[in-house]
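These notes concern the structure reproduced below.
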Amino acid sequence: MSVVIECLSYSYNLGTPAIVTALSDVSVSVERGEWVSIVGHTGSGKSTLAQHMNALLIPQSGRVEIDGTEVKPKAKGLRDLRRKVGLVFQYPEQQFFAETAREEIAFAPHNWGLRGQDLDRRVADAASAVGLDAALLESNPFSLSGGQQRRVAIASVIAAKPDYLVLDEPTAGLDATGIRELTHLLSELKRDGLAIVQVTHDLQSALDRSDRLLVMENGVGVTVGGAEDVAAFLLRNPVRGLVIPPLVQFSAGLRARGIEIPLTGDLDTIVRKVEERSATPLKYEPANGACAASDGQGRCSS
Amino acid sequence: MNRKPIFSLRGVEYAYPGAPSRALCGLDLEIAEGEWVALVGANGSGKSTLAKICNALLTPTQGDCFVMGRNTRDETCVPDIRRAVSLVFQNPEDQIVASVVEEDVAFGPENLGLPSHEIRVRVDRALEMAGLASCRLKGSFSLSGGQKQRLALAGALAMQPAALILDESTSMLDPEGRQSFLSCLGSLKSAGMTIVQITHRMEEAIQSDRVVVIDSGRSVWDGTPGDFFGGAYVRWNFEEPPDVSLYRELLSRGLLPDGTLPDVGAMLDALCLS
């Protein structure tokens, strides 16, 4: 079960002089239970690609297949496909329209025909899945904090029970605590079997979290792969709008100095490696040339 | 420093109608002409409310806010205050009013009833400063997110304000877009613009003159970026940039000599590896 995108191209204002090509020949697939990040500069086509994943946009050329069904204009069952793939827009809380968080979350399942206790249970499940306090369900969504609003917005998408969750810049505008909590929430949803597709600018967190990354540049998918491969690719081939995260730079620097280390290891891994290979623990020999045992290349001036 | 204050807030309190608690609870703040101040704080700390108070969009429920010496309570001053203080919000799409870039930028000056040659001059300058001169005839909504953000900035600049308040205006930009936006702010600041920048991104506070931490509706810390990153930020649970964490960790284990700079290249060069 997967969303498969093959050789997808898409232009806005097709057939007019104002044509803008947003995607050219992009291929990527997302399996259930997988976390895929789409990274790239603003205007690289990330959001356009995301909107193809739930048939909000229909391919102009190339194919999009959701669980084996091809997305075609006016195809039967587009409605079902859209239910399978939940799309959380940028700043989703700006689209709130209901008086209470409960109504907001209930909107989609109500539209699909759920009523009464079934509907209540669906709302309660979605709220608990995003860690939203049940007491907050009766509040006006606009009175909630930014982090809570984002949860309500995600809950309202989850309430439709999608198999794939596509989020466009889900952490934008959240503070550090909000980002941590949201990332944790997405990991839990993934553990429950949902596929997570995250469009993001934050390369570090994408490398930390994703099973695979798709790197976009000017509407083209320049590479797709696991974190290590993508980090190695980006070190060799700079991509517009993406800055190599400092920890990856540091790890690459250690490699250049002959230390075997993953490029996308976490802070502890890096510190442990440095400690293992440190010539002399500076702490204990501060006085007469802390680096007496160094490689003699004069890098360690004390 | 004897520069004129642009904003003087004295004991400002604000409660949204019907809200159980106050968004601002007795906030004092003075911002001088030409300063670049970064306002940092968690979601819900009152930063955006503060921005709206400074532009007279909201009137304090207690206390006073003076903009260039004029009280925002005085309704006769409000049009002048709003003209002097331009606000750029989080989402640029909320602020785009016209379908062509240059028309969008001209909207404000047109509303001021300026003669058309003056409007043209202002639009040209604003587009130039925002780095959008080459996009002037493009459709506003065909721009990328980062360009839209700069369009919102250009619209604000065309009003030739004395101060600019930016409410999370870089949160939708990619690292490169953010860098170009920040360097644009740098040149505005050199030209004497007062900038109040609300941000979650700690690395953006580095370029400012002064950092003010807002917590639960109060200003709880005020100082230079140097002092802020020298330790003050730890107290408010701000995210530490990963290279700073790495630096502190290596330093505390004695793996880096004292005096090494928290820069990836400098750290690598200073390591003693076998």
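The values are calculated or read from the model by the stated rules, or taken from the named source; none is laboratory data. Predicted model, so just to flag it, every value in this text is computed and none were measured. In this analysis, Cβ positions are derived from the backbone assuming ideal geometry, glycine residues included, and neighbour counts consider all displayed protein chains. Please note that ligands, DNA and RNA were not included when accessible areas were found on the heavy atoms of the full protein model with its side chains. Shrake-Rupley method; radii C 1.70, N 1.55, O 1.52, S 1.80 Å.
Values as computed for the structure displayed
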| quantity | calculated |
| --- | --- |
| So B:Asp174, is it closer than 18 Å to B:Asn91 by Cβ and either open to solvent by less than 40 Å² (accessible area, probe 1.4 Å) or at pLDDT 90 or above (or both) | yes |
| First in the stretch B:243-271 and among the small types (Gly, Ala, Ser), second anywhere and open to solvent by 50 Å² or more (accessible area, probe 1.4 Å) and modelled with pLDDT under 80, Cβ under 7 Å, 6 or more apart | B:Gly254/A:Pro281; B:Gly254/A:Lys283 |
| Residues satisfying the stated conditions in the stretch A:21-50, i.e. open to solvent by 20 Å² or more (accessible area, probe 1.4 Å), among the polar types (S, T, N, Q) and under 14 Å from A:Ile196 (Cα atoms) | A:Ser29 |
| Among residues of the stretch A:104-133, those that are open to solvent by 70 Å² or more (accessible area, probe 1.4 Å) and part of a helix (DSSP H, G or I), counted | 9 |
| Verdict on B:Glu203 being closer than 30 Å to A:Arg257 by Cα, under 18 Å from the mean Cα position of the chain (by Cα) and of a type outside the set (A, V, I, L, M, F, W, C) | yes |
| Residue among A:Thr177, A:Thr183 that is more than 11 Å from chain B (Cβ to nearest Cβ) and either among the hydroxyl-bearing types (Ser, Thr, Tyr) or within 30 Å of A:Leu242 (Cβ to Cβ) (or both) | A:Thr183 |
| Residue selected from the stretch B:81-113 under the condition in contact with a strand residue (DSSP E or B) (Cβ under 7 Å, 6 or more places away or on another chain) and part of a helix (DSSP H, G or I), by the criterion nearest to B:Cys54 (Cα to Cα) | B:Ile81 |
| A:Gly15 vs. criteria open to solvent by 10 Å² or more (accessible area, probe 1.4 Å), over 23 Å from A:Ala227 (Cα atoms) and not charged (D, E, K, R) | yes |
| The stretch B:114-147, subset open to solvent by 60 Å² or more (accessible area, probe 1.4 Å) and part of a loop (DSSP other than H, G, I, E, B), residue nearest to the other protein chains (Cβ to nearest Cβ) | B:Lys138 |
| Number of positions in the stretch A:152-169 that are under 14 Å from the mean Cα position of the chain (by Cα) and away from every other protein chain (no Cβ under 12 Å) | 5 |
| Tally of residues being away from every other protein chain (no Cβ under 14 Å) and among the β-branched types (Val, Ile, Thr) across the stretch A:209-259 | 5 |
| Qualifying residue in the stretch B:45-63 (condition: open to solvent by 10 Å² or more (accessible area, probe 1.4 Å), polar (S, T, N, Q) and part of a strand (DSSP E or B)) | yes |
| Only listed residue being within 18 Å of A:Ser29 (Cα to Cα) and in a helix (DSSP H, G or I), chosen from A:Leu57, A:Leu49, A:Leu87 | A:Leu49 |
| For B:Val212: the one exception among (1) crowded, with 18+ Cβ neighbours inside 10 Å; (2) touching a residue at least 12 places away in the same chain (Cβ under 8 Å); (3) within 14 Å of chain A (Cβ to nearest Cβ); (4) among the aliphatic types (A, V, I, L, M) | (3) |
| The one condition in (1) of a type in the set (Val, Ile, Thr); (2) under 25 Å from B:Ser169 (Cβ atoms); (3) touching a residue at least 60 places away in the same chain (Cβ under 8 Å) that A:Val36 fails to fulfil | (2) |
| Residues being touching a Phe, Trp or Tyr at 6+ places or on another chain (Cβ under 8 Å) and not aliphatic (A, V, I, L, M) - total across the stretch B:261-274 | 1 |
| Complete set of residues in the stretch A:253-282 that are surrounded by 18 or more Cβ atoms within 10 Å (Cβ to Cβ), modelled with pLDDT of 90 or more and small (Gly, Ala, Ser) | A:Gly265 |
| Qualifying residue in the stretch A:6-29 (condition: more than 30 Å from B:Lys138 (Cα to Cα), assigned to a strand (DSSP E or B), within 14 Å of chain B (Cβ to nearest Cβ) and hydroxyl-bearing (Ser, Thr, Tyr)) | no |
| Leading residue by the ranking (farthest from A:Leu167 (Cα to Cα)) among those in the stretch A:58-86 that are out of contact with any helix residue (DSSP H, G or I) (no Cβ under 6 Å at 6 or more places or on another chain) and open to solvent by less than 20 Å² (accessible area, probe 1.4 Å) | A:Val71 |
| Single residue of the stretch B:220-246 satisfying the filter (open to solvent by 30 Å² or more (accessible area, probe 1.4 Å) and at pLDDT 85 or above) that is farthest from the other protein chains (Cβ to nearest Cβ) | B:Thr224 |
